[in-house]
Every structure is written in structure tokens, then in C-alpha cells.
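Report on the following structure.
Values in this text are rule-based calculations from the coordinates and carry no lab data. In this text, all values refer to a predicted model and were calculated from it rather than measured experimentally. Cβ: placed from backbone, ideal geometry, glycine included. Neighbour counts: every protein chain shown.
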There are 2 protein chains.
Amino acid sequence: MSKKSNLPQPTNAELEILQILWKAGPSTVRFVNEQLSEQQEKEIRYTTTLKLMQIMTEKKLLSRNTDTRTHIYLAEAVQGDTQKALLKRFVDATFQGSAMSLVMQALGNHETSQQELDEIKALIEKIEKR
Amino acid sequence: MSKKSNLPQPTNAELEILQILWKAGPSTVRFVNEQLSEQQEKEIRYTTTLKLMQIMTEKKLLSRNTDTRTHIYLAEAVQGDTQKALLKRFVDATFQGSAMSLVMQALGNHETSQQELDEIKALIEKIEKR
DNA sequence: TTGCATTTACGAAACTTTTCGTATATTATT
DNA sequence: AATAATATACGAAAAGTTTCGTAAATGCAA
């Protein structure tokens with residue numbers, strides 16, 4: 001049984017921060033801010049990032065260790081769960097709930113390598129077996 | 001060669017209107033407004049829908065026939081193209097560009113019927129053949 | 001033709017999300 | 001100890017999206 005985490009869904013800007021924390025693990029505001037600025041190739045003010053991360057902490061998307069002066073932030077939202085929830089919302093809005101339409105669209109449009117196709121085939125087999 | 005339509009990506013509210021027009025074909029504001037109100041099971045003011053559709057016309061997402069007093073609106077954004085573009089944006093933001101992660105996620109989490117699985121297998125075969 | 005209902009036009013309020021500036025506190029440097 | 005650098009707190013501006021109210025035009029009905 002997985003814990004039902006009733007976290008609010010992150011906004012776009014919040015999601016970008018989560019991606020960084022998921023990838024890098026617990027980090028400081030400064031680090032996250034640098035990563036963000038790099039990605040958008042445009043300087044983002046330090047306090048902008050700070051504010052966002054404070055809001056996210058309020059929303060429980062993040063937690064932080066305040067023992068040291070420089071706080072260390074940690075993603076509380078789980079990557080898989082979050083992606084799943086966002087995917088559902090997106091599919092509902094864009095493909096009117098038909099996950100299959102989306103998969104077909106993704107497979108059809110995307111340059112899919114043989115290896116990736118094999119992975120999917122393997123997954124399908126696994127699903128069929130259960 | 002498909003015409004490269006450089007339309008802005010629709011917002012959520014705009015997407016809902018597009019869905020209705022894609023499904024029903026050219027329609028009046030009143031019809032769209034009724035459909036919307038039904039979907040959200042909450043009355044949406046007529047002028048709200050009107051305003052949105054006017055904005056969308058400005059953005060070229062829609063066009064309209066103004067010969068009669070009651071204008072008839074038509075979706076200019078093509079469903080497939082729009083879904084494709086939105087999908088790309090979503091995959092970039094949520095799965096960091098990995099369409100495969102998304103497909104795996106969608107297949108894994110979704111209750112997928114045998115028939116749907118067969119469809120996917122058929123599609124994969126088609127892709128492998130080309 | 002007079003008035004009633006419906007439509008469009010349009011500005012602006014209401015909300016949400018994002019960005020930033022300033023004040024204040026803490027730590028490091030000279 | 002004084003100064004500089006860096007951190008957090010916080011309010012509010014800025015920007016984007018959605019909703020609505022009012023006015024003016026148009027067509028229909030009494």
C-alpha cells in the first residue's frame with residue numbers, strides 16, 4: 001500500500017525546481033537558482049527562486065533543514081507520483097481522458113529507437129502476464 | 001508536406017473550447033457556452049465564453065463567419081498538431097524530454113485492455129517495418 | 001413602431017503565478 | 001570591532017489567465 005500523498009499539483013515553475021531536486025538531491029537555494037538560470041539561459045534573481053521554494057515548502061512539496069544558516073531543501077513530492085498525477089491531468093485536458101490516444105500519438109510522432117520499442121514490447125508482455 | 005502552422009499554444013480554458021469545436025464542428029458561442037457549462041456542471045456566463053472565443057480568434061486559433069448576426073466559429077488549430085505540440089511541451093516539462101518515460105508511465109499506470117495492447121503492438125510492428 | 005430578447009464589443013475586476021526589491025539577520029573578512 | 005558578503009523573510013509589483021458587467025447594435029414579436 002503506497003501512502004496517499006495529497007499534495008497540491010506543482011505549477012510549471014515549481015515543477016522545474018522539483019526536477020532539479022529530484023536529480024541532484026537535497027540542495028541549497030543558491031544551487032537551484034544557478035541550475036535554473038543555466039537552463040533558461042537567463043539570469044533569475046536569487047530571491048525569486050527563494051520565494052518559490054518557500055512557497056513550495058509551505059505547500060509541503062518541499063521540506064527543509066534549517067539547522068545551518070544556509071537551509072537545505074528536500075523534495076517531498078515523489079517524482080513518480082507527481083508525474084503520474086500530472087499525466088492524468090494532462091491526458092484529461094488534451095486527450096479527453098484517452099491515455100491510449102496519447103500513447104499512440106507519442107509513439108507515432110516520436111523518433112523511436114528499436115531499443116525503446118523492445119522495452120515497450122517487454123512491458124506489454126509483462127502486463128499481459130498479470 | 002504539412003503546413004507549418006505557427007499558432008500560439010492554447011491555454012487550458014482555450015483548449016476546452018477547442019475540444020468542443022473539434023468534436024462538434026463550426027458552432028455558435030451559445031452552443032459552446034452550453035457545452036462548457038454542462039461539462040463543468042457550473043454556469044459559465046455567456047460573455048465569458050464570448051470573450052475567450054474573441055481572444056482565440058485574435059490569436060488565429062479560431063476563425064469566424066460574421067455574415068449573419070450570430071457568428072459561427074471554426075477551429076483553425078488542427079487537433080492532431082495541437083495535441084502534438086502540447087504533448088511535446090508537457091513531456092519536456094514533466095519527463096524532461098523523454099517521451100519513452102511517459103509512454104512507460106502511461107502504460108504502467110493505466111488499466112490497459114487487451115485490445116488496446118494489441119493496438120499498440122500493431123503500431124509498433126508498423127513502425128518497425130518502416 | 002415600440003419594446004423585448006439576444007448578440008457582439010470591450011474594459012476591467014478577480015485570480016493565479018511569477019518576479020523582484022527592501023529590510024533584517026547571520027556569518028565571514030579585514 | 002567594523003565592514004562586506006550572503007542568507008532569509010516578506011510584501012507587493014508584474015504578468016498571465018479567466019470571469020464578468022455594461023453598453024451598444026441587431027433582429028424579432030407584440
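The mean number of partner chain beta-carbon atoms within 10 angstrom of a residue's beta-carbon across peptide B:116-122 is 4.
Take A:Tyr46, move 7 Å from Cα toward the beta carbon, and the resulting point lies 5.6 nm from the same point in each other copy, nearest first. Using a Gaussian network model of chain A in which every pair of alpha carbons under 10 angstrom is joined by a spring, one finds that among A:Glu76, A:Glu58, A:Glu116 the greatest mean-square fluctuation is at A:Glu116. Peptide A:49-56 shows a mean partner chain C-beta count of 0 within 10 Å per residue C-beta. Between this copy and the others, label points of B:Lys23 are 3.8 nm apart in ascending order, each placed 7 angstrom from Cα in the Cβ direction.
If you sort the three axes of the alpha carbon gyration tensor as a ≥ b ≥ c, you get a/c of 1.5 or more for the range A:1-99 and a/b no higher than b/c, which makes it oblate. Expressed as an acute angle from 0 to 90° and rounded to the nearest 10, what is the orientation of the C-alpha long axis of helix A:99-109 relative to the principal long axis of chain A? With both axes taken from Cα atoms, the answer is about 90 degrees. Could you tell me how far the Cα centroid of the range B:24-39 sits from the Cα centroid of the range A:1-63, in Å? The distance from the Cα centre of the range A:1-63 to that of the range B:24-39 comes to 39 Å. Across the copies of the chain, A:Leu123 has label points (7 Å from Cα along Cα→Cβ) spaced 1.2 nm apart, shortest distance listed first.
Result for chain A in a Gaussian network model with C-alpha springs under 10 Å: among A:Ile20, A:Ile72, A:Ile120, the largest mean-square fluctuation is at A:Ile120.
If you run the Gaussian network model on chain B, springs between alpha carbon atoms under 10 Å, then out of B:Ser98, B:Ser27, B:Ser113 the most flexible one is B:Ser113.
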